[in-house]
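Derivation of every value follows stated rules applied to the coordinates shown; laboratory data play no part. This one's a predicted model, so the numbers in the text were calculated from it and none came from an experiment. Because the Cβ atoms are built from the backbone with ideal geometry, glycine has one as well, and the counts that use them run over all protein chains shown.
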Amino acid sequence: MAKSRQTFSKKEKEKKKQIKKQGKEEKKEIRKANSNKGNSFEDMIAYVDENGNISSTPPDPSKKKTVINAENIKVGISRQEDAAPQDIIRKGTVIFFNESKGYGFIKDQETQESVFVHINGLVDRIKDKDKVSFEVEMTPKGASAVDVKLIE
């Protein structure tokens, strides 16, 4: 009589594969049992109440607070009005300027925004903490200061 060609380790590996396969089948059955497939549309809908919380019940129409007038809704972009001449020239303080690299930033006195300035936009030489007047020009990268002049 001949001996079986399977060794002990091969038998153990086969047992482990079978156990693993059974575990996967059990998990598959559990997932199928807990599945939400086939639920009605109403069971899947979630509502938002007046406080912004998600709930399963629809909101009460009697608690509705605001009425929106369709005539007040503007569709499209509103036109900007041209700035008055006194608004075109602004005043500010140089917060940073690197002369070797040729750029810096000016802090606008009115809006407190930082505006980029390039050396090509200068009329007078400037340095940090100088008071200047300037005009703002919109570039593809944002606002840029031009015609920058020192204020005495």
(request) Calculate, in whole percent, how much of the Cα-Cα pair population of the chain lies beyond 29 Å. (result) 64
(request) Evaluate the relative contact order of the chain (contact order divided by residue number), counting alpha-carbon pairs under 8 angstrom at least 6 apart; express in whole percent. (result) 13
(request) Take 114, 62 and order them by how many other Cβ atoms sit within 10 Å, fewest up front. (result) 62, 114
(request) Can you tell me how much longer the chain between residue 30 and residue 63 gets when fully stretched, taken as 0.36 nm per residue apart minus their C-alpha distance, in nm with one decimal? (result) 7.6 nm
(request) Could you state the angle between the C-alpha long axis of helix 8-34 and the longest principal axis of the C-alpha atoms of the chain, as a value from 0 to 90 degrees rounded to the nearest 10? (result) 60
